[in-house]
Amino acid sequence: MARPISRRTILAAGTGAAGLSLPGVAAYADDHATTSVRFTLNAQVLDGGEQVTSITLNTARLGPIDPASLTTGTFTVHAKATSPIPIADDDVIFNEYDLDRTVTAVRLDRRGNIVLDLSHAEGRTGGSTLGYIESKSRNVMLDLAYTITQRAPIVLLDHRSITIENFVQSHRLSDPEVDAFSSHISGSGMKYRLYSPTGSHASRRGKHPLIVWLHGGGEGASLPDNYYDNETTLRANRGALGFATPQAQRIFNGAYVLVPQSTSAWMQDGPRFAPLIHEIIGDVTRRNRIDHDRIYVAGCSNGGYMSMKMTTVYPNLFAASVPICGVVTSFPPGGAPLIPDSELARITTPSWLVTSLDDTTVDPQANTSHAHDLIPDSLMTLYDHVVWNGHQFAGHWSWIYVARNDPSINGTHIWQWMAAQHRH
């Protein structure tokens, strides 16, 4: 996880990089001036959250470019990311930055546009699209301002050379996985995203399952700041996106994926949020070809709590539940339990609980193991640590394993288990 940095610190640190500006020379292709070139930021949701991984320059209209003229030194990239809502001087925010991005490769896409691949990695500051505001315990979509400078001419196949005068950033952030989810608002005003099966899965006759993903606390709204984005639920981790991957869609034979966004945090008022989520499920099932006997609920942290809460409020709605590092005890300690033992013992929905033993945010024994002991016939996977592709994440991030279909019992992985459950 990136080191937190205060607003005062990051702005001071950024002054040394502020000298990178657009080149002052006029654009030319021999004696013919060219117009400004627009560019798009391309992002990808890694296991630790979304990062800008490349930039597409809309250069196809300039003519066929000689790829041999493109090197990692042809362009430099400077990136500045700031919070969309005010941050107090003494507050702490993760992942704001003002720095140069390293260009690792330059290539042409199939349309003839130049693509700049950028260095990125799990846990690396300087590419994230999200910032985490400590005082609010919320992720926000950062305002991204990228500056591109051309350092060497581009050569066309007809041997003309081009130096671009001006680069204009598109307001759109391109992430095909995120963009595949449509955006909606329920009658009660709760925002949600929806993935619909595509291709061969969509064309098949019959009805499809529905997977409801309930996000963690950091992805809820921060309404005192009028911040309610319907974005962070998909960009903060791969929890929802995992179920929309080709692998998951094959396993579920084409599934809708529904992602409501809380107006605060689910744990703050689960009983009030439960009917609002139920309303969205009802609307989505009425408008789409969804099998009422194959509706599944899964969620992490706050959403892990809400997954269990939904099965106590609506015992006959779901075919299966997957609570990940969920909370059932009082939070913070000292109050009444969020889900009493008596309610846990009455859950009849088939449940598979997942957590990591090194979770320091939500006590795995007092919550996941305790719930597993009480929920009849429930399954449980306990990890020692959260490690994926050689990178160790915070112990609380056990949703990474579910997003990758890793948990298994007796050779059956968790997605296959979910897909096999039908409401009785």
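Give the angle, between 0 and 90 degrees and rounded to the nearest 10, that separates the Cα long axis of helix 302-313 from the longest principal axis of the Cα atoms of the chain.
Result, in degrees: 40.
Send over a whole-number figure in Å² for the accessible area per residue of the chain, probe 1.4 Å. Could the numbers behind the result be given before it?
Details: 17700 Å² over 424 residues.
Accessible area per residue: 42 Å².
Hey, what do the phi angles of the range 249-264 turn into as Karplus ³J(HN,Hα) couplings, whole Hz, using 6.51/-1.76/1.60 and θ = phi - 60°, x for Gly and Pro?
5, 5, 5, 8, 6, x, 10, 7, 10, 10, 10, x, 10, 5, 7, 8
Nearest 0.05, what FRET efficiency do VAL168 and ARG61 give at R0 = 22 Å with Cβ-Cβ as r? If you can, show how the numbers build up before the last one.
Numbers: r = 14 Å, r/R0 = 0.63.
That pair, VAL168 with ARG61, gives E of 0.95.
Normalising by the residue count of the chain, find the relative contact order in percent from Cα pairs under 8 Å and 6+ residues apart. Don't jump to the answer; show the numbers that get you there.
Numbers: 968 pairs, mean separation 58.1, N = 424.
Relative contact order comes out at 14 percent.
When the dipole is taken about the Cα centre of the chain, and only Lys, Arg (+1) and Asp, Glu (-1) are charged at their Cβ, what size is it in debye, to the nearest 20? All intermediate terms of the calculation are to be shown ahead of the outcome.
On the way: 33 positive and 39 negative charges, 255 e Å.
Value, rounded to 20: 1220 debye.
Given a Förster radius of 22 Å and the C-beta distance between GLN247 and THR348 as r, what FRET efficiency does 1/(1 + (r/R0)^6) yield to the nearest 0.05?
Values: r = 30 Å, r/R0 = 1.34.
It comes out at approximately 0.15.
Multiply the residue separation of ASP158 and ASP293 by 0.36 nm, subtract the distance between their alpha-carbon atoms, and state the gained length in nm to one decimal. If you can, show how the numbers build up before the last one.
Values: separation 135, 0.36 × 135 = 48.60 nm, distance 6.23 nm.
This chain segment gains 42.4 nm when fully extended.
Using each residue's phi in the range 337-347, evaluate 6.51 cos²θ - 1.76 cosθ + 1.60 at θ = phi - 60° and report the 3J(HN,Hα) Karplus result to the nearest Hz, with x for Gly and Pro.
Once rounded to whole Hz, the list reads x, 5, 10, x, 4, 5, 6, 4, 5, 9, 5.
With label points built 7 Å along Cα→Cβ from the Cα atoms of ARG423 and LYS207, find their separation and express it in nm.
About 0.8 nm separates the two model spin labels.
Could you give each residue of the range 378-394 its phi-based ³J(HN,Hα) in whole Hz, using Karplus coefficients 6.51, -1.76, 1.60 with θ = phi - 60°, and x for Gly or Pro?
6, 9, 8, 10, 10, 9, 7, 8, 9, 10, 9, 6, x, 9, 8, 9, 4
For ALA180 and ASP341 in one chain, what is 0.36 nm times their gap in residues minus the Cα-Cα distance, to one decimal in nm? The partial results should precede the final answer.
Numbers: separation 161, 0.36 × 161 = 57.96 nm, distance 3.94 nm.
The span from ALA180 to ASP341 would gain 54.0 nm if fully extended.
Can you give the extra length, in nm with one decimal, that the chain gains between ILE85 and HIS413 once fully stretched, where that is 0.36 nm per residue apart less the Cα-Cα distance?
On the way: separation 328, 0.36 × 328 = 118.08 nm, distance 4.12 nm.
Answer, rounded to one decimal: 114.0 nm.
Computing the accessible area with a 1.4 Å probe over protein heavy atoms, can you report the carbon and sulfur percentage for the chain? Display every interim value, and only then the final one.
Details: 8860 of 17700 Å².
Of the solvent-accessible surface of the chain, carbon and sulfur hold 50 percent.
With a point put 7 Å past each Cα toward its Cβ, work out how far VAL92 is from SER36 in nm, to one decimal.
3.9 nm
Between the helical axis of 270-287 and the dominant principal axis of the chain, each derived from Cα atoms, what acute angle in degrees is found, rounded to the nearest 10?
For helix 270-287, the angle is close to 70 degrees.
Helix-only estimate, please: 222 nm mean residue ellipticity of the chain, summing -39500 (n - 2.57) across DSSP H runs of length 4 or more and dividing by its residues, to the nearest 500.
For the chain, the value works out to -4500 deg cm²/dmol.
Taking the simple approach of a point 7 Å from Cα along Cα-to-Cβ for both VAL387 and THR125, what is their distance in nm?
That separation, rounded to one decimal, is 2.6 nm.
Calculated FRET efficiency, HIS278 and ASP117, Cβ-Cβ r, R0 56 Å, to nearest 0.05? Could the numbers behind the result be given before it?
Details: r = 44 Å, r/R0 = 0.79.
The pair HIS278/ASP117 has a calculated efficiency of 0.80.
Using only the Cα atoms of the range 99-217, build the gyration tensor, take square roots of its eigenvalues as a ≥ b ≥ c, and label the shape rounded, prolate or oblate: rounded if a/c is under 1.5, else prolate if a/b is larger than b/c, else oblate. If you can, show how the numbers build up before the last one.
Numbers: a/c = 2.73, a/b = 1.53, b/c = 1.78.
It comes out oblate by the Cα gyration axes.
Can you list the lysines whose alpha carbon is less than 21 Å from that of LYS309, not counting same-chain residues fewer than 8 positions off?
LYS191
Mind ordering 304-314, 52-62, 181-191 by average Cβ neighbours within 10 Å, highest first? Please report the intermediate quantities before stating the final value.
Values: 304-314: 25.7, 52-62: 19.5, 181-191: 14.5.
Sorting 304-314, 52-62, 181-191 by mean packing, highest first, produces 304-314, 52-62, 181-191.
Under the rule of at least 5 residues apart or a separate chain, name every residue whose amide H is placed under 5 Å from the amide H of ARG138.
ILE133
The values are calculated or read from the model by the stated rules, or taken from the named source; none is laboratory data. This structure is a prediction, so every number in the text was calculated from the model and none was measured. FYI the Cβ positions are ideal-geometry reconstructions off the backbone, even for glycines, and counts take in every protein chain you see. To get the accessible areas, we keep the full protein, side chains included, count just its heavy atoms, and leave off ligands, DNA and RNA. Shrake-Rupley method; radii C 1.70, N 1.55, O 1.52, S 1.80 Å.
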